[in-house]
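I have placed the structure first, in the form of C-alpha cells, so that the comments after it can refer back to it.
The values are calculated or read from the model by the stated rules, or taken from the named source; none is laboratory data. This structure is a prediction, so every number in the text was calculated from the model and none was measured. Glycine gets a Cβ as well: all are built from the backbone with ideal geometry, and neighbour counts include every protein chain shown.
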Amino acid sequence: MDGLLERRYDLVINLQTGVRTENLDEPLLKKMRRAGVFKLAFGVESADSSLLAKHGKPLDLNSVAHTVAMARRLGFVVYGFFIIGLPGETDESFARTMDFVKGCRFHVANFCLAIPFPGTDLYKMVEQGGRFLIDTTRTIPSGFYDGRVFFEYGAMDSVTVQNRYQRAYKEFYTFSRRLRALATIRSLSELRWLWQAWRSVNYGRRYS
C-alpha cells in the first residue's frame, strides 16, 4: 500500500479473492482506501464456532463482525464467503450462519457448496465416512456456484444440503439487498457472475 501511494497510481483495486480479518486494523484499512482499494471479501465459511474448529479454521466471529462494520464505515464494498454442506452442519448451525450474515450487513454474500477436492481433509472425511455424488478427481468446470451437491456425509443428505443452499440465497437477497448488490457492480464480469449465481439458485438442479 505504501508503494502504491508513493507512486500515486490512479487505481481501482478489487480484493474480492479474500482478506484475513485478523490482519486488518483501522489505519491499514484507511491506507488501503487511499491506495485505491474499493472492495474487500472475507472468508467466514460458517458462524458455528464448533464447525469451524472441526474443519481447522479457528475464527473470532466477534472480530469478523467488528472488521466488517469498520470496513463498511470507511466506504468499502464488503463481500462475505460462506460454505454450505460441511460435515457436521446442522439446522441450528445453518440458522446461526444466516443470522450472522444478515447481522453483519454484507453488501454481497456468496454461498458455496462444499467440494471435497482430492488431497484435502474434507476429501479424506468423505472417503472414509461418506459417499461421493460427483467425481472431484476430474475437471469441475461448473465451479462452486452450480447448485450441485458433491457428497453426502453421515445423516446429512443431498436434499437437505441443496435446500439450505437455495434458502441461503433467498433469505439473504431480499429485494432491497438485490438492489444494493447491483449498485456495487463495476464491470460486466461481475454482472455476469451475479446473473449466473441467481440462475443456479432459481433454476439449478433440484433434489426434491
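So the values come out like this:
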read-out: Selection status of residue 109, surrounded by 15 or more Cβ atoms within 10 Å (Cβ to Cβ) and modelled with pLDDT under 95; value: yes
read-out: Count - residues of region 30-79 that are under 22 Å from residue 122 (Cβ atoms) and assigned to a loop (DSSP other than H, G, I, E, B); value: 8
read-out: Qualifying residue in region 90-100 (condition: touching a helix residue (DSSP H, G or I) at 6+ places or on another chain (Cβ under 7 Å), under 19 Å from residue 61 (Cβ atoms) and not hydrophobic (A, V, I, L, M, F, W, C)); value: yes
read-out: Residues of region 157-192 classified as surrounded by 12 or more Cβ atoms within 10 Å (Cβ to Cβ) and of a type in the set (S, T, N, Q), total; value: 6
read-out: Only one of 106, 82 that is in contact with a helix residue (DSSP H, G or I) (Cβ under 9 Å, 6 or more places away or on another chain), assigned to a loop (DSSP other than H, G, I, E, B) and closer than 17 Å to residue 43 by Cβ; value: 106
read-out: Filtered residues of region 1-29 (kept if closer than 23 Å to residue 189 by Cα and either in a loop (DSSP other than H, G, I, E, B) or at pLDDT 95 or above (or both)); value: 10, 11, 12, 16, 17, 18, 19
read-out: Near pairs, Cβ below 6 angstrom, 6+ apart or cross-chain, from region 114-135 (acidic (Asp, Glu)) to any residue that is assigned to a loop (DSSP other than H, G, I, E, B); value: none
read-out: Selected residue (only one of 138, 178 is of a type in the set (D, E, K, R) and outside any helix (DSSP H, G or I)); value: 138
read-out: Odd one out for residue 189 among (1) of a type in the set (S, T, N, Q); (2) at pLDDT below 75; (3) over 24 Å from residue 108 (Cα atoms); value: (3)
read-out: Lone qualifier among 93, 63 - being out of contact with any strand residue (DSSP E or B) (no Cβ under 9 Å at 6 or more places or on another chain), among the small types (Gly, Ala, Ser) and over 16 Å from residue 163 (Cα atoms); value: 63
